[in-house]
1. Going by the conditions given, is Ala23 touching a Gly at 6+ places or on another chain (Cβ under 7 Å) and closer than 15 Å to Tyr113 by Cβ?
2. Select from the range 4-26 the residues that are surrounded by fewer than 16 Cβ atoms within 10 Å (Cβ to Cβ) and modelled with pLDDT of 95 or more and list them in ascending order.
3. Name the residue that is farthest from Ser25 (Cα to Cα), counting only residues in the range 45-77 that are touching a helix residue (DSSP H, G or I) at 6+ places or on another chain (Cβ under 9 Å) and at pLDDT below 95.
4. Residues of the range 27-52 being open to solvent by 60 Å² or more (accessible area, probe 1.4 Å) and within 16 Å of Ala97 (Cβ to Cβ), which ones?
5. Taking the range 41-53 only, how many residues are assigned to a strand (DSSP E or B), in contact (Cβ under 8 Å) with a residue 40 or more places away in the chain and either within 12 Å of the chain's Cα centre (by Cα) or closer than 13 Å to Gly115 by Cβ (or both)?
6. When the range 53-109 is examined, which residues are found to be of a type in the set (Asp, Glu), farther than 18 Å from Tyr32 by Cβ and open to solvent by 60 Å² or more (accessible area, probe 1.4 Å)?
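The values are calculated or read from the model by the stated rules, or taken from the named source; none is laboratory data. This one's a predicted model, so the numbers in the text were calculated from it and none came from an experiment. Note that each Cβ is placed from the backbone with ideal geometry, even for glycine, and that neighbours are counted across all protein chains shown. For the accessible areas, the whole protein counts, side chains as well, though only heavy atoms, and no ligand, DNA or RNA atoms are used. Shrake-Rupley method; radii C 1.70, N 1.55, O 1.52, S 1.80 Å.
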Amino acid sequence: QVQLVESGGGLAQAGGSLRLSCAASGRTLGSYAMGWFRQVPEKDREFVAAINWSSGNTYYADSVKGRFTISRENGKNTVYLQMNSLKPEDTAVYYCAARRGRSAALRDYEYDYWGQGTQVTVSS
């Protein structure tokens, strides 16, 4: 079992920055891929970014490419999502997810463990 806890959400102005953290416990993440997803009410969960824990290869949705950066810190078993140049349309609940296996995935059903989510609100 892997437990994931997100933090770092909150309120930001358009053009500002936030950094989300996802701390994992229960297992070391060396054999997992990690992803960030987001969801707004009445819409499906949307892929944001993913990282292969072992190789460090990263993947991004087109909507966040060049603005968001996913990274991991092995010693802390933590993955981050640095969000810059925020836009009001980035407003959502952001979820961290872990997937058994080394390959990152872009679809939410391919992930095995989920955090509880953290709210990000960007004002114009």
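1. In short, no.
2. Scanning the range 4-26 gives Val5, Ser7, Gly10, Leu11, Gln13, Ala14, Gly15, Gly16, Ser17, Arg19.
3. By that ranking, first place goes to Ser54.
4. If the condition is that a residue be open to solvent by 60 Å² or more (accessible area, probe 1.4 Å) and within 16 Å of Ala97 (Cβ to Cβ), then Arg27, Asp44, Arg45, Glu46 are the ones that fit.
5. Going through the range 41-53 one residue at a time, the tally reaches 5.
6. Asp62, Glu89
One line per residue, one yes/no per condition, for (1) over 11 Å from the mean Cα position of the chain (by Cα); (2) among the polar types (S, T, N, Q):
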{"position": "Gln13", "(1), (2)": "yes, yes"}
{"position": "Ala24", "(1), (2)": "yes, no"}
{"position": "Arg27", "(1), (2)": "yes, no"}
{"position": "Ser31", "(1), (2)": "yes, yes"}
{"position": "Gln39", "(1), (2)": "yes, yes"}
{"position": "Tyr60", "(1), (2)": "no, no"}
{"position": "Glu73", "(1), (2)": "yes, no"}
{"position": "Asn84", "(1), (2)": "yes, yes"}
